[in-house]
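To keep things clear, I will list the structure first and then write my remarks on it.
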Amino acid sequence: MNRKIRVLVAKPGLDGHDRGALVIAQTLRDRGMEVIYTGLRQSAAQIAQTAIQEDVDVIGLSSLSGAHKSLFPKVMEELRKREAEDIPVIGGGVIPEEDIQFLLDHGIQRIFTPGTPMTAVADFIEEKVQGDSV
Amino acid sequence: MSEHFTEQKKTWEQQSEKVKERFPERKDPFTNLSGIPIEPLYLPENESNFDDYAEKLGFPGQYPFTRGIQPTMYRNRFWTMRQYAGFGSARETNERFRYLLDQGQTGLSVAFDLPTQIGYDSDDSMAEGEVGKVGVAIDSLEDMEILLDQIPLDKVSTSMTINAPASVLLCMYIAVAEKQGVPKEKITGTIQNDILKEYIARGTYIYPPKPSMRLITNIFEYCRDNVPKFNTISISGYHIREAGSTAVQEAAFTIADGLAYVDAALESGLEIDEFAPRLAFFFNAHNNFFEEVAKFRAARRVWADLMKNKYKAQNEKSWRLRFHTQTGGSTLTAQQPDNNIVRVALQALSAVMGGTQSLHTNSRDEALALPTEESARIALRTQQIIAHESGVADTVDPLAGSYYVEQMTDEVEKQIREYLDKIEDMGGAVQAVEEGYMQREIHQAAYEAQKRIESKEDIIVGMNEFTTDEETHADLLKVDEKLEQEQIERLGEIRANRDQQLVDERLKDLKEAAENPNENLMPHILACVKAYATVGEICHTMRDVFGEYTGA
């Protein structure tokens with residue numbers, strides 16, 4: 001038991017803002033998780049593929065370019081195509097409140113907006129993964 | 001009395017007179033509300049300080065430019081108020097530009113969408129969902145014609161935040177100007193064209209460093225002969241800071257990048273004074289007021305020293321670090337967004353006290369979305385209040401001589417130089433970028449800053465302290481989702497109606513030129529642009545030859 005939680009932190013689309021993604025990745029590592037960071041400009045298919053190959057427990061998507069309504073659902077679709085939709089997906093970035101419900105309806109588990117403490121993200125992932133395994 | 005001081009003072013008086021002939025002082029006389037006259041410049045009173053003053057501060061407009069690059073700074077003319085804008089289609093952005101000019105803005109600044117910045121057309125699969133989102137979508141010359149419609153390019157200077165495809169967008173700008181009857185020798189503005197900070201912090205790179213540096217030196221060379229009034233690069237610390245660096249790192253890494261461009265240009269055979277006067281800089285302004293002021297003053301002093309003493313530039317214009325400032329986007333909070341107006345005002349004030357040449361003030365809602373027209377207006381008004389109501393622009397470098405500011409300036413300078421030495425030891429900025437050195441330093445600083453916020457060692461008002469129950473944010477700018485489809489359709493029409501054979505020939509020429517490292521690509525790109533070849537087609541042609549960068 002006590003396999004380390006594995007997280008994929010991914011940057012879909014063309015957005016180059018990765019400060020948040022990198023800081024989240026390091027926070028999660030400090031909490032004892034194993035984090036894979038994709039780097040910039042990943043297609044939805046690449047993200048889904050990496051998530052499966054790396055056997056991650058959670059996928060975190062980060063977008064600050066305003067393209068989240070197009071990009072996040074595409075990742076969900078690619079996961080479904082590979083029958084991997086059971087991997088929980090969370091998201092963060094510059095995402096207006098009014099878009100959040102749309103993203104939740106598309107299967108994203110939770111959206112973290114600017115100002116969220118990193119620890120809240122880490123707590124959520126721990127609860128999610130441990131909760132699922134009970 | 002120190003001879004050096006007396007001599008400098010005399011020069012300053014003569015230079016000030018010259019400026020006044022061209023641009024009379026804004027007021028005559030300058031007084032405050034109590035009727036006390038305000039001098040253009042305040043100096044040490046004690047003669048024993050003159051030598052030290054002449055060496056470290058000097059007079060404004062003179063080496064080492066600690067007090068500013070012009071003799072009279074804002075006494076005659078305010079800084080250029082230049083708000084960065086762009087979203088959706090060229091037509092929408094053109095309307096916003098004309099609105100901002102009507103509101104008293106004095107220069108344009110174009111934001112391009114990510115596909116344009118990374119060299120993809122709107123109908124490329126890589127562009128899906130991104131068209132028109134963070135800036136305006138430009139595919140062909142026709143979009144640029146619409147973007148600049150009814151804007152007189154002989155009068156308005158335009159800054160374009162474009163890097164990897166800077167050559168393409170500059171050529172489009174030249175082509176539109178020519179259509180307006182404005183020769184390329186007369187157009188003014190800036191292209192960002194700073195690829196190193198894209199690898200370090202901003203992410204819109206296309207090609208590997210070597211061909212990217214070639215494109216940049218090609219632009220320097222072409223503009224020296226053809227577009228002499230355009231700033232050929234804006235060496236940017238802004239994004240380095242946004243990515244999480246400290247103020248010192250921002251200045252140090254920016255200057256290190258600047259030196260790499262200078263070295264590349266020299267290596268390509270240019271003389272220092274042929275291009276150094278057209279180098280411009282772009283800095284950030286965050287909340288720690290005096291630290292920011294010290295950063296601007298120290299950066300000027302370091303650059304002047306390097307250009308004059310290390311690179312032996314003769315032209316004084318080569319010594320001057322001219323810069324644009326934008327207030328700090330990452331300091332804005334999504335919570336209680338109106339508080340951001342106050343943050344922006346403080347940051348803008350630091351830029352003015354630091355002697356900026358132009359300024360963009362962020363809008364209160366930018367942690368949530370692109371600014372609405374109302375938010376953009378408040379941001380511009382913030383600058384206008386500083387300019388017209390605060391009186392801080394009535395004398396040059398009003399903080400000079402403060403023990404705190406001068407010692408902080410010295411300390412920031414010292415730390416900048418330590419970083420510069422370290423980077424030089426690594427073999428320069430290109431090498432340091434390829435090794436990921438600056439990226440790691442920045443990331444570490446970002447992580448430390450986040451930890452301080454979470455432990456409440458650093459208080460961010462409205463976010464980790466003084467919070468309220470979350471309000472909802474109505475009235476955010478939304479980019480029309482239909483835009484992407486419309487842009488793709490228009491692009492299809494352009495492709496259908498242009499002379500395809502001509503486009504193919506021009507692209508083939510470009511490819512051959514790209515394969516010859518001694519050929520300047522600018523005339524070839526200009527020819528492609530004029531034939532209505534698209535940004536994506538031109539960039540793909542060069543991708544075929546240069547390859548793509550995939551990260552450090």
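Where a number appears in this text, it was derived from the coordinates with a stated rule and is not lab data. Remember, predicted model here, so these are calculated numbers, not experimental data. Every residue, glycine among them, receives a Cβ derived from its backbone with ideal geometry; neighbour counts consider all protein chains shown.
On a 0 to 90° scale, report how tilted helix B:535-546 is relative to the longest principal axis of chain B, with both axes built from alpha carbons and the result rounded to the nearest 10. On a 0 to 90 degree scale, this one is about 90.
Would you mind giving the mean number of other chain beta-carbons within 10 Å of the Cβ of each residue in A:64-74, as a whole number?
5
If the reach is capped at under 24 angstrom between alpha carbons, list the lysines near residue B:478, excluding any in the same chain fewer than eight residues apart. Leaving aside lysines fewer than 8 places away in the same chain, those within reach of residue B:478 are A:11, A:69, A:74, B:133. Note on residue B:6 and residue A:127: with the Förster distance fixed at 56 Å, the Cβ-Cβ geometry gives a FRET efficiency of about 0.15. With respect to chain B, whose longest principal axis is taken over its alpha-carbon atoms, helix B:403-426 is tilted by about 40°.
Maximal additional length on extending the residue B:388-residue B:502 stretch stands at 35.7 nm, based on 0.36 nm per residue less the C-alpha distance.
Inter-part distance, region B:419-472 to region B:495-552, computed on C-alpha centroids, equals 38 Å. Per residue, the average separation of C-alpha pairs within less than 8 Å and at least 6 apart gives chain B a relative contact order of 18 percent.
Amide H contacts under 5 Å for residue B:42: B:396, restricted to partners 5 or more places along the chain or on a different chain, H placed in the peptide plane at 1.01 Å from N.
Per-residue shielding of B:373-385, expressed as the average number of other chain Cβ atoms within 10 Å of the residue Cβ, stands at 0. Basic side chains Lys and Arg get +1 at the Cβ, acidic Asp and Glu get -1 at the Cβ, and with that the dipole of region B:40-173 about its Cα centre reaches some 660 debye. Overall, region A:6-129 carries a charge dipole of about 340 debye about its Cα centre when +1 sits on the Cβ of Lys and Arg and -1 on the Cβ of Asp and Glu, all other atoms neutral. Considering helices alone, the calculated mean residue ellipticity of chain B at 222 nm is -15000 deg cm²/dmol, with DSSP H runs of length four and up weighted by -39500 (n - 2.57) and normalised per residue. Backbone amide hydrogens, once placed in the peptide plane, bring residue B:281 within less than 5 Å of B:235, B:322, B:323, B:324, excluding anything fewer than 5 places away on its chain.
The slack between residue B:452 and residue B:482, meaning 0.36 nm per residue of separation minus the straight C-alpha distance, is 6.6 nm. Computed from Cα atoms, the angle from the helix B:166-179 axis to the main principal axis of chain B rounds to 80 degrees. Measuring nothing but how far apart in sequence close Cα pairs (under 8 Å, 6+ apart) lie, relative to its length, chain A scores a relative contact order of 25 percent. Fewest neighbouring Cβ atoms within 10 Å first, the residues B:95, B:17, B:389 line up as B:389, B:17, B:95.
Taking the Cβ of residue B:530 as the centre, find all other residues whose Cβ is under 13 Å away and add up their charges (Lys, Arg: +1; Asp, Glu: -1).
Details: positive: B:179, B:184, B:498, B:506; negative: B:142, B:145, B:178, B:499, B:505, B:509.
That works out to -2.
Averaged over peptide B:128-136, the number of partner chain Cβ atoms lying within 10 Å of each residue's Cβ comes to 6.
Farthest towards the positive end of the charge dipole of region A:6-129, among the residues A:102, A:63, A:92, is the Cα of A:63, using unit charges on the Cβ of Lys, Arg, Asp and Glu. Overall, region B:108-249 carries a charge dipole of about 780 debye about its Cα centre when +1 sits on the Cβ of Lys and Arg and -1 on the Cβ of Asp and Glu, all other atoms neutral.
Within the set of other residues whose C-beta is less than 11 Å from the C-beta of residue B:39, count the net charge using Lys and Arg as +1 and Asp and Glu as -1.
Numbers: positive: B:75; negative: B:394.
So the surrounding residues net to 0.
How much net charge surrounds residue B:125 when only other residues with a Cβ under 13 Å from its Cβ are counted (Lys, Arg +1; Asp, Glu -1)? Walk me through the numbers before you get to the answer.
Values: positive: A:41, A:74; negative: B:121, B:123, B:124, B:128, B:130, B:484.
My count for the surroundings of residue B:125 gives -4.
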